[in-house]
Amino acid sequence: MQAREPSVARQILVLQVAVVLVLVVASLALAAYDARRHARATATERAVAVATTLADSPALVAALDDADPSVAIQPMAERVRHDAAVDFVTVMNLDLIRYSHPDPSQIGRHFVGDVGGAPEGRTFTQEYAGTLGPSMRAVVPVRDGSGDVVALVSVGITIDRIDRDLRGDVLLIGLAALAVLAVGLAGTWLVGRRLRRATHGMGEREITRMYEYYSAVLHAVREGLLLLDDQGRVQLANDEAARLLHLPPDVIGRSVHDLGLPPGLVAAALGRTAESDDIYVAGEHVLVVSSAPATWQGREVGAVVTLRDHTELRSVTGELDVVRGLTDSLRSQNHEAANRLHTVVSLIEMGRPEEAVAFATEELEVAQLLTDRMVGAVGDPVVAALLLGKRSDAAERGIDLAIDGELPAEAAVPARDLVTVLGNLVDNAFDAVAGEPVRRVAVRLDGSGDTVRVVVGDSGPGLTEAETARVLERGWTTKATRAVGGRGIGLALVGQVARRHGGSIEIGTSPLGGAEFRVTLRGNGGEA
């Protein structure tokens with residue numbers, strides 16, 4: 001089985017630890033190097049100061065005139081060496097023969113090392129390995145009363161002494177480096193822990209693969225998908241959601257309130273309870289919307305909203321309503337025809353054929369007159385069939401349906417949209433008068449020019465101002481498990497058709513006493 005790759009958090013943790021270690025070690029090395037360099041420079045300056053002080057001593061100049069200068073100079077040099085805490089103080093003549101040395105056996109011997117320009121009166125410093133080992137040394141001239149160089153003084157501090165004195169400083173630097181390393185590792189561990197929680201312990205390839213798969217699925221599905229955080233800001237919107245809701249390219253991070261969506265849809269998206277298959281109208285689309293809270297480890301983190309486009313289904317359903325209306329009309333007419341046929345047969349059996357013929361002829365003329373009048377007033381056969389079906393439905397429900405006006409065959413608005421407007425308005429009117437003692441509905445059509453006007457009034461209880469505002473703004477219907485053309489969405493669909501054709505929908509009071517809906521539609525989408 002293939003071994004699982006290290007998680008991103010672990011890889012970053014290892015990288016951060018390595019970086020911290022390298023930085024701390026490099027800083028420690030640089031600090032130690034700088035401290036060592038500074039210590040040697042300080043030792044050289046101290047050697048120059050000690051040598052200069054001794055060279056300027058009158059006692060030293062006087063001792064140089066003795067027959068054996070070393071007798072007086074050796075104790076003087078040793079006293080200075082101990083007091084100044086240096087490793088050697090050597091006084092020599094211009095031939096570099098020693099008059100003093102920490103090792104008395106070296107007195108009278110030749111000085112080991114370079115004196116540079118000291119015999120010419122200049123101060124000379126160098127690092128040199130002499131009889132006491134490597135040291136930082138200074139050589140300064142000794143001048144007599146006339147200013148002539150008569151001897152040289154060399155003072156040195158061994159590297160061993162410098163390094164011993166430096167160990168305390170290096171130890172402090174090391175402790176500081178360890179403290180920095182500990183803080184850095186602790187911070188790295190905390191960052192790695194947080195990153196591990198954020199990435200759920202997944203590796204780089206796992207995250208990449210998951211992103212690629214999720215992205216492919218989200219943008220390939222035919223349902224719209226919105227993910228909102230707990231503040232109502234959009235965190236994800238796939239291609240279908242952007243198409244259905246006309247979302248801008250910079251939608252990510254924006255509040256759902258700022259997207260221009262219908263108030264009902266916004267409320268559903270921000271709802272903290274699960275909603276299943278509610279229907280909303282958004283622009284030109286009829287959407288079936290489901291929303292549910294999104295939780296992670298028992299904590300609510302936002303909401304998930306899915307959108308399905310039912311616009312075409314709603315259009316097909318509108319046409320199906322026409323067919324259903326025709327079917328209901330035929331069923332009613334069949335029932336009435338059966339009753340009339342029984343009446344004719346009974347009249348014949350009773351020996352009254354003349355009355356039977358007169359009755360049948362009258363009924364046929366009435367039915368034909370009604371059909372001819374409807375077809376003559378409404379030139380479009382689909383709309384005429386819808387109104388005939390509604391008339392039969394009204395007769396069954398005890399509703400007086402009056403249809404007035406004319407609509408030419410070549411109306412400026414497609415028959416499908418007229419069916420949507422008329423069907424929903426008449427159905428709403430039928431529902432409004434269903435419980436009233438007087439049930440009257442009036443339909444008035446006007447198709448002059450490139451404008452179609454539809455007015456539907458009823459004798460129902462009417463609408464209050466608050467109800468009118470809610471009906472126009474709500475734009476949603478009952479569950480999709482009910483008919484897609486449910487009554488709640490009817491006015492929203494009518495308003496949608498009106499907007500698409502550059503028209504309007506107004507609500508007022510009907511002369512019949514109830515509500516009156518006035519819809520204006522313009523051909524070619526309202527273009528002049």
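No lab work stands behind these numbers, since they all come straight from the coordinates. Note that the structure is a prediction, hence the values are computed from the model and not measured. Note: ideal-geometry Cβ built from the backbone for every residue, glycine included; neighbour counts use all protein chains shown.
The table below gives the values:
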{"item": "Cα centroid of segment 219-239 to Cα centroid of segment 38-72, whole Å", "result": "88 Å"}
{"item": "Least to most buried among SER57, SER392 (fewest other Cβ within 10 Å first)", "result": "SER57, SER392"}
{"item": "Spin-label pair ARG453/ALA41, simplified geometry with 7 Å Cα→Cβ offset, distance in nm", "result": "10.0 nm"}
{"item": "Ranked list, fewest to most other Cβ atoms within 10 Å of each Cβ, for GLU240, GLU349, GLU127, GLU78", "result": "GLU349, GLU127, GLU78, GLU240"}
{"item": "Sites GLU120 and ARG164 - FRET efficiency at Förster radius 25 Å, r taken between beta-carbons, to 0.05", "result": "0.10"}
{"item": "Likely footprinting exposure, ARG194, ARG499, fewest C-beta neighbours within 10 Å first", "result": "ARG194, ARG499"}
{"item": "Contour minus Cα-Cα distance for THR464 and VAL22 (0.36 nm per residue)", "result": "151.3 nm"}
{"item": "In nm, spacing of pseudo-spin labels at ASP66 and ARG254 (7 Å Cα→C-beta vector)", "result": "10.1 nm"}
{"item": "Gain upon complete extension [ILE348, TYR211; 0.36 nm per residue less C-alpha separation]", "result": "41.0 nm"}
